[in-house]
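Report on one structure; see the data block that follows.
The values are calculated or read from the model by the stated rules, or taken from the named source; none is laboratory data. What you see is a predicted model, and the numbers here were worked out from it, not measured in a lab. FYI the Cβ positions are ideal-geometry reconstructions off the backbone, even for glycines, and counts take in every protein chain you see. The accessibility values were calculated without ligands, DNA or RNA, using every heavy atom of the protein model including side chains. Shrake-Rupley method; radii C 1.70, N 1.55, O 1.52, S 1.80 Å.
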Amino acid sequence: ASQRVNSLVDGFIGQGMTPEAAATQVKGVYNWDGVTDSDWEKATRRSSTGLYKYGLNYTFGNDKIKGYGSVGSTEQEGVIRDALYRRINATVKINAKVSDKVNLVFSNMVSRSTQWGPLDYGYFANPVLSARFTSPTNPIYNEDGTYNLNLKTSTGTNFNPVAIQNINLR
């Protein structure tokens, strides 16, 4: 936060303002308390992600019939806190030798996947994009613990990506 404030102060000084006038101007732009230093990227992301895969396979057979079956499950967390991918799948294959000239083959695979996550990267509701536009001079929460919805950002006010992640259920 202090680096951002100092950079903006330097920019105003470069335009000919005195250091005092520049500091006053920046205080008006950010309404910064001089202490707050919010890490919006850390607040909207996981520090580490997990990938969980489970599978069970079974093979059987004799001279007349051979078969294979499997079931599996995958769950992968995304970097964004509300991003998650899940898939379950099953496969069955059977090969039956009816005669020396005829084989019957049955094969079937089913799979279901579900994906959760933020909106497309073109929307400011996406925490990847919004964390870059939200100044660290803005506190995430108000003193009473409610979400700070009076933010000074380059996208306007009243947009808190942490609040959207926690409240917006899709």
Per the list (1) closer than 18 Å to Arg45 by Cβ; (2) open to solvent by 50 Å² or more (accessible area, probe 1.4 Å); (3) outside any helix (DSSP H, G or I); (4) at pLDDT below 90, residue check on Arg132 breaks on (3)
From Asn103, Asn89, residue being within 41 Å of the chain's Cα centre (by Cα) and surrounded by 10 or more Cβ atoms within 10 Å (Cβ to Cβ):
Asn89
So, in the stretch 66-81, how many residues would count as being open to solvent by 40 Å² or more (accessible area, probe 1.4 Å) and either on the phi > 0 side of the Ramachandran plot or under 12 Å from the mean Cα position of the chain (by Cα) (or both)?
4
Subset of the stretch 39-57 (residues that are touching a helix residue (DSSP H, G or I) at 6+ places or on another chain (Cβ under 9 Å) and among the small types (Gly, Ala, Ser)):
Ala43
Selection from the stretch 1-45 of residues outside any helix (DSSP H, G or I) and either of a type in the set (D, E, K, R) or open to solvent by less than 80 Å² (accessible area, probe 1.4 Å) (or both) yields Ala1, Gly16, Met17, Thr18, Trp32, Asp33, Gly34, Thr36, Asp37, Ser38, Asp39, Arg45
Would you mind telling me which numbered condition in (1) within 42 Å of the chain's Cα centre (by Cα); (2) modelled with pLDDT of 95 or more Leu84 fails?
(2)
Lone unmet requirement of (1) touching a Lys or Arg at 6+ places or on another chain (Cβ under 8 Å); (2) surrounded by 14 or more Cβ atoms within 10 Å (Cβ to Cβ); (3) in a loop (DSSP other than H, G, I, E, B) for Asp63:
(2)
Flagged in the stretch 94-116 as out of contact with any Lys or Arg (no Cβ under 9 Å at 6 or more places or on another chain) and either among the charged types (D, E, K, R) or at pLDDT below 95 (or both), in numbering order, are Ser99, Asp100, Lys101, Val102
